[in-house]
Every structure is written in C-alpha cells, then in structure tokens.
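The values are calculated or read from the model by the stated rules, or taken from the named source; none is laboratory data. This one's a predicted model, so the numbers in the text were calculated from it and none came from an experiment. Quick reminder, even Gly has a Cβ in these numbers, built from the backbone with ideal geometry, and neighbours come from all protein chains shown.
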2 protein chains.
Amino acid sequence: MDIINHQFRLATRPVGAVKRSDFTYTGEPVRALADGEVLVRIQYVSLDPAMRGWLNAGADSYMPPVAIGEVMRAIAVGRVTASNNAGFAVGDHVSGLMGVQEYAISNGQGLNKVNPALAPLPMFLSVLGMTGLTAYFGLFDIGQPKAGDTVVVSGAAGAVGAIVGQLAKAHGARVIGIAGGADKCRYLVEELGFDAAIDYKSEDVAAALKQHAPKGVDVFFDNVGGDILDTVLTRLAHGARIVICGAISQYNSTGAVQGPSNYMQLLVKRASMRGVMVADYYPRAMEAITAMGALLASGKLKSREDVVQGLETFPETFLKLFDGSNNGKLVLQVHA
Amino acid sequence: MDIINHQFRLATRPVGAVKRSDFTYTGEPVRALADGEVLVRIQYVSLDPAMRGWLNAGADSYMPPVAIGEVMRAIAVGRVTASNNAGFAVGDHVSGLMGVQEYAISNGQGLNKVNPALAPLPMFLSVLGMTGLTAYFGLFDIGQPKAGDTVVVSGAAGAVGAIVGQLAKAHGARVIGIAGGADKCRYLVEELGFDAAIDYKSEDVAAALKQHAPKGVDVFFDNVGGDILDTVLTRLAHGARIVICGAISQYNSTGAVQGPSNYMQLLVKRASMRGVMVADYYPRAMEAITAMGALLASGKLKSREDVVQGLETFPETFLKLFDGSNNGKLVLQVHA
C-alpha cells in the first residue's frame, strides 16, 4: 500500500508576506528507497523567520533560494520508518532540513540523531536545536557579555530572544527585553526573570531604554532591525557590541530594507556590529547543548514551544512569526 | 600695540552645507595672558569633515557641539609668541584644538609640541597628526588586514583615505580606492601605488568591485557612507571587517541619514562593522608616528597637502571637502 506524502511546494516567489497561493499543497506516493537512503516520518516542522529569506531570488544569501516547484525548506524532526542506511535504524529519531512535508527521504547527510528520552521532540527544534545554538553563540561569541553588563534583546519573546535573555541573565548580566504587547512583557519579567521588558507597541522605546539602561547598552542582540535597531543605536554604551541575528521587521518589506540611519553611533561609541550565522558553530554544538542542558536541568532556562497542529495550516501558521502572535518557538505538528 | 585676532564664530546652526552667513567674521584685540597661559600665532588650520558634525546640536556625539558665538573648533598648528607657562617657550611650535582664528590663548592642555625641522608644518595636521593616526589605527586596529587581503578605501583621494591605502599596500594587501573623477583615480594608481581605483562618478561601483576584487572585500575602510557603503556591503568576503571612519556623503544631509540597507550582509558574510575614534589612540600615537615616519622616509608613504591661503576664505574653502575639489589634506594657511 502506497504511503501518500503531502507537501508544500513553492509555486511562485512571494511579494511581501507569504500567501497560501504562493505554494501548492501536493500529495504523492512515497517512492522506494535507494541504497543508503532512509525514510523519515516527520513529526514536527520548525518555523523560523529565516525561511522567508530562503524564498527570495537573487539576493546574495548564504543558501540558494528555494526553487519554484521545490518542497519548502524547513528544519524538522521525525522518526525513521524505513532504512537502507547502516547509520540509521527504524525507530531512530532524527532532525535536519527535511522540509514542510509528511515524509522525507534522505541519504543521511545532515541528519542528526536525537534522543526523545532526554526532552520532548519539539525542544530539539528550539533550545536543543538551531534556535538554541544561534542564541548561545550569538550571545557569547559575538556579544561577549561580561557580568554586570546591560544586555538588550529585541524580539525577546521569540524563540531565539527568550533564550538569549535567559542565558545572559544566568551569566550575570542585567537583561532588558523588547517585545510587542503587555502579555509578552509580563512573561519575560515574571516567567523568564528578565530585569525589565519594553513593550514597543505601547512605550517610547528610547525613553524606556534611558530609564532601564541609564548607563547605556553594552550588548544588543537584534532579531528585529528597522526602527528598533535605530533606536537602540542611540543608547549604546562605550564599546558596545551589536549582534545582528535577524531583521524580522524587514523580511516582508516590498521596498528597500530600512538600514540603520544611526549607524555612525558605532563611531561615536566605539561600537561594533557583527552578524551571527549558526552554521559556523556546528562543530561546537556540543559545548552549547551541554551548557544549556545544565541550565534547563537547574531550572535557569525555560523553553516554550508554540505547537500548532496540522501540516496543511503551514502558510497561515508561518505568518504568526511576523504578526507577533506566536508564543515561544513556533512548531508545526505533522504527525503525533 | 594691540594685536587684532580675526576669528570665525558660529552665528547660526547650518542647515545642509555651511554658508558664510552661518558664521560671523570678527576681529578683537588679544587679551593679556594669565598665569600658565601661552599665546599661539596660528599658521595652519586643519579642515576636516568631522567639523561639520561639531556644528549640529542635539546629536549624541563624542564632543559637545560648537556653541553659538563660539570660535569655530578646528585643529591648528602655530608658533608660541608669548608664554606664561614653563612648559612652552616663545618660538616653540605646537598643534592642538586652537580654532579657526589667527591667535589662540591656551593653558597648555591639549597642546602638543611639534618639530618643524622634521617636516613641513602642514604635515603635522595630516600624516603626522590626527589624520595619520585615524588612518593608521583605523586600518590596523579595526580593519586588521593580512598580507594578501583585498582592502577597499572610499574617499581614497581624501586625507585619511590616501594614507590608509598606502599603509595597506605597504602591509602587503591588494588595495582598491574609490574616488570621484579620473584625475583622482589616476593619482591613486600612478602616484600612490594603489592596485586599482574606481571612479564612482563614471563607473558602476558594484561591477568594478566584481572586476577588481573577484574574491570579495576583506577590509573596507569607509569615509563616505551612503550608496557606496551599501554597494561594498554586497561584495564582502567571508569574515570581512568594515571600518566606519566617516560618512561624508551624509554630513550635509538635511533629511535622515541614509543607513546601510544591505547591513544584513554582515550576517550572510559573518562580517563586522566597527567605528574608529582617533581620540582613543592618543596614548599610542608614538607607535603610529614612528611607523609612518619610517614609511615617509623610505618613500613608501606620500603626503599631499592642499594649502589654501587666507583665514577669511574659511567657509568656502571648507566646502571643498564636500564637493570633492580638494586634492589631499585640506589646510588653511593663516600666517606664513
């Protein structure tokens, strides 16, 4: 009996925010495995802002864009249900770039085994996956906070931001999160232990930074770009480090990206701005996973996943990243 | 007999490019010296793009703005003609922030003695002064070129840019200058030994960078900002370092500063952008002066000063920095 694999394939390059019509939802029988291949039944698909960038043609990016007709690229976690590869047994759980679909066939390259006895599967897409590595190495390698430093995180209630803030706090920094809405801000302070949170939707961010970071911002971990980056640039401390992790405010822009007008503050404050790319840190993944595992165990690091049911909801669920309606790491559940 | 000191005092905050009417040209008798003070007869006044920034109120800058009514701030070099300070004798030559005027009274703080037997006086305002220190430390401390790296300099025929390019070349880098006009470009290649020059007025800078820096730009020393910064951002090599020294294209802007739209390339290319502020390096000035003195002596570093006669020409002469009509370090000669 054929297994039918449902998939979202890119139909047309989105202009602005993605729409359902930018994709085709297809169903096709799973083909027979070749030698060395494994079949993975996908359980959870990670939804990440970076995926929006993978849809743009032409831009000089770190990966080729998803081709028209190709299955939408995404990191996922699932269970091996058939294997012609000695490295993987039926029943193994694996993560990797398996796409927005129900089943993936892989030659094993880029697949990582994960142990579901250690943590719930969605956590391997968040704190114990790419999200966690991005937060950990972006903060410590690029941001280099010292104890007592003031660390500001934008998109602070998002998947990466929430981890960054907690890691900085555990490291002895004073942590201020910028997020949209009173609920998220309350969550950051009351649940995650941030020292302060700024609601950019209702507060004057510059004034709030002046209040909460009177000596200036030593480390700014930016997931957002746009006006928030420009505002934080005006409140830097001497020698500040800005970590450029993302620019979610700009990903759906149909015009030119809003560059930081106040970038000359890098000169005035002898500050630096540097990008973090998680792929550079794969060889050091164990260092981060070990450190964060210990923090999870001790309760100093909390992970929250926002699990949405149903592969077929993909286009609309993905938009939750951009309208700010997700709570924690956004994950699509495909199979139980 | 009273000595009359002529001065340019700020009358009103300029909007856009400075105009003569933004200043008053005043003459007043030099007052008697107090204890500890010296009188300096100014010979040369340094004209620098940064001076435009000193005229803006409100901006969060590294120095308070020049006050209305205050003598226009500028670095100058001159000769001590009277002294009540044991540290300075009549006949000593000194440099420091003495202003756009004929005479300055100082308590000696911030004055540095210079030896006119070693080099012509204007050179103490260029390669042997702040300009040279900015180039040296910006390039080596922030840019950190390695032999074989491709170094790109904007404003390459300007005072700082020309030194940066020659220092990088002497250090074993491949050096590409961006400048305005065929004459300047010829000068960079034929006189200063740059490997290539790009005339941004007549060439497609992105295409020219692709041609001259096919492996990408390892170090970009930016004096210009605006479109040029945005274009170079698209041609970075992996791990590139961008030195933010100035943004002369933006200093006379009456709207918002044009921030670099392509700053997310810092992430794609794992690159950094950092400001250089020369004041941070005063304690290490001797290191730079010694190194550049040796290069000057060996002919590997050439200094060109564009000396304009007459204090009273200040407002118009200053504009030469912004219309690109100066050739080398722009200096105003006040007294022989």
### Task
Output the residues belonging to the range A:127-151 that are over 18 Å from A:G328 (Cα atoms), aliphatic (A, V, I, L, M) and not in a loop (DSSP other than H, G, I, E, B).
A:L139, A:I142, A:V151
### Task
Sort out which residues of the range A:218-244 are facing chain B (nearest Cβ under 7 Å) and farther than 20 Å from A:E203 by Cα, and write them in order of number.
A:I244
#### Entry: Tally, over the range B:220-245, of residues that are crowded, with 24+ Cβ neighbours inside 10 Å and farther than 25 Å from B:G53 by Cα
3
### Summary
The condition from (1) closer than 15 Å to A:V164 by Cα; (2) surrounded by fewer than 21 Cβ atoms within 10 Å (Cβ to Cβ); (3) out of contact with any Lys or Arg (no Cβ under 7 Å at 6 or more places or on another chain); (4) not acidic (D, E) that A:L188 misses is numbered (2)
### Query
A:L267 passes all but one of (1) free of Cβ contacts under 8 Å to residues at least 12 places away in the same chain; (2) more than 8 Å from every other protein chain (Cβ to nearest Cβ); which number fails?
(2)
#### Entry: Residue satisfying all of: in the range B:58-82; farther than 25 Å from B:L330 by Cα and modelled with pLDDT under 95; surrounded by the most Cβ atoms within 10 Å (Cβ to Cβ) among these
B:A59
### Message
Cβ-Cβ under 6 Å, sequence separation 6+ or interchain: first residue in the range B:115-132 and more than 17 Å from B:L167 (Cα to Cα), partner of a type in the set (S, T, Y) and part of a loop (DSSP other than H, G, I, E, B). Which pairs?
### Response
none
### Message
Looking only at the range B:252-263, filter to residues that are surrounded by fewer than 22 Cβ atoms within 10 Å (Cβ to Cβ) and in contact with a helix residue (DSSP H, G or I) (Cβ under 7 Å, 6 or more places away or on another chain); which one of those is farthest from the other protein chains (Cβ to nearest Cβ)?
### Response
B:N252
## Note on the structure
Checked against (1) among the hydrophobic types (A, V, I, L, M, F, W, C); (2) surrounded by fewer than 18 Cβ atoms within 10 Å (Cβ to Cβ); (3) at pLDDT below 95, B:M130 satisfies every condition except (2)
### Task
Count, please, the residues in the range A:83-104 that happen to be hydrophobic (A, V, I, L, M, F, W, C) and buried (at least 18 other Cβ atoms within 10 Å of the Cβ).
5
### Task
Check A:L301 against each of (1) within 14 Å of chain B (Cβ to nearest Cβ); (2) surrounded by 16 or more Cβ atoms within 10 Å (Cβ to Cβ) and name the one condition it does not meet.
(1)
### Task
Using the structure shown, decide if A:M292 is crowded, with 21+ Cβ neighbours inside 10 Å and away from chain B (no Cβ under 11 Å).
yes
### Query
Which pairs do you get when a residue that is at positive phi, found in the range B:12-28, comes within reach of a residue that is at pLDDT below 95 and surrounded by 13 or more Cβ atoms within 10 Å (Cβ to Cβ), reach meaning Cβ atoms under 7 angstrom, with the pair 6+ apart or on two chains?
B:G16/B:N252
#### Entry: Failed item, numbered, when B:K146 is tested on (1) in contact (Cβ under 8 Å) with a residue 40 or more places away in the chain; (2) under 17 Å from the mean Cα position of the chain (by Cα)
(2)
### Summary
Screening A:A213, A:A170 for residues that are touching a residue at least 40 places away in the same chain (Cβ under 8 Å), surrounded by fewer than 21 Cβ atoms within 10 Å (Cβ to Cβ) and either within 26 Å of A:D306 (Cα to Cα) or in contact with a Lys or Arg (Cβ under 8 Å, 6 or more places away or on another chain) (or both) leaves only A:A170
#### Entry: Residue that is aliphatic (A, V, I, L, M), at pLDDT below 95 and either within 21 Å of B:N326 (Cβ to Cβ) or surrounded by 24 or more Cβ atoms within 10 Å (Cβ to Cβ) (or both), where the choices are B:I248, B:I176
B:I248
### Task
Please work out which one of (1) under 20 Å from the mean Cα position of the chain (by Cα); (2) at pLDDT 95 or above; (3) more than 9 Å from every other protein chain (Cβ to nearest Cβ) is the condition B:V278 fails and give its number.
(2)
### Task
Give the number of residues within the range A:28-61 that are outside any loop (DSSP other than H, G, I, E, B), farther than 15 Å from A:A247 by Cα and of a type in the set (D, E, K, R).
2
